[in-house]
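The values are calculated or read from the model by the stated rules, or taken from the named source; none is laboratory data. Note that the coordinates shown come from a computational prediction; the quantities given were computed from them, not determined experimentally. Cβ sites come from the backbone with ideal geometry, for glycine too, and all protein chains shown count toward neighbours.
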């Protein structure tokens, strides 16, 4: 969906649909942008011509009403700086966040490689991605993702699965584990969700979040890659897990 929906008569229905996803409250806009900043979520800046640049939010200044993005290669930034229509897209777990980027300029910033400044958006669109409904594994199972890491020389890392959807998975990275970075792609990851559900795929780390105030672990938000869309194994697991959770809740309420 385009953050600048056309206003032609044929698109009025689409405009009305977009209103359901529109966030115009300055408090909510700031909260969502700060969530993107704290999660170090990858942000893709793009133009209608197809030029794009992936970066992260480096600062959200509510007083000056500005945003600052990290910036590197100048030759890749020129198409964005020369275009008056730039759109930002980021993902927070199952949520797609999109907004127009106005007043984009390159500055020196606090980093030697420079930065991109823009005006704080008045409107942000928040979309729930199709097929991204997440479930937490049942307590009776111990799902893990087995990952080959260069720092783990003897055996693959076994990271606990916190939740899973048709498109992504969240993993617990315990304190002291080898380091991971947003943007990393990990190949040949074995997902062992229960005795009947075992998959092998690639994953891309989208963001890393510290869990709790004590910082005793980190949450890796990952996108699943390379799964056969005709394979219904994961869909069956998500559906069955949700049904069992609802049944457990219904039983608990009946006993209360």
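When you check residue 77 against the structure, is it under 23 Å from residue 218 (Cα atoms), surrounded by 15 or more Cβ atoms within 10 Å (Cβ to Cβ) and touching a residue at least 12 places away in the same chain (Cβ under 8 Å), yes or no? Against the criterion (under 23 Å from residue 218 (Cα atoms), surrounded by 15 or more Cβ atoms within 10 Å (Cβ to Cβ) and touching a residue at least 12 places away in the same chain (Cβ under 8 Å)), residue 77 does not qualify. If you filter segment 13-35 down to residues that are over 13 Å from residue 120 (Cβ atoms) and part of a helix (DSSP H, G or I), you find that the one that is modelled with the highest pLDDT is 35.
For beta carbons closer than 9 Å, sequence separation of 6+ or different chains, a first residue in segment 212-236 that is more than 26 Å from residue 176 (Cβ to Cβ) and a second that is at pLDDT below 90 and surrounded by fewer than 11 Cβ atoms within 10 Å (Cβ to Cβ), the qualifying pairs are 233/196; 236/196. Looking at segment 194-203, can you tell me whether even one residue there is within 20 Å of the chain's Cα centre (by Cα), closer than 16 Å to residue 91 by Cβ and in the same structural domain as residue 225 (by TED's automatic domain parsing)? Checked against the condition, which is being within 20 Å of the chain's Cα centre (by Cα), closer than 16 Å to residue 91 by Cβ and in the same structural domain as residue 225 (by TED's automatic domain parsing), segment 194-203 yields at least one hit.
The set of residues in segment 64-97 being closer than 16 Å to residue 31 by Cβ and part of a loop (DSSP other than H, G, I, E, B) consists of 65, 93. Could we say that residue 174 is surrounded by fewer than 15 Cβ atoms within 10 Å (Cβ to Cβ) and not assigned by TED's automatic domain parsing to the domain that holds residue 92 here? Yes.
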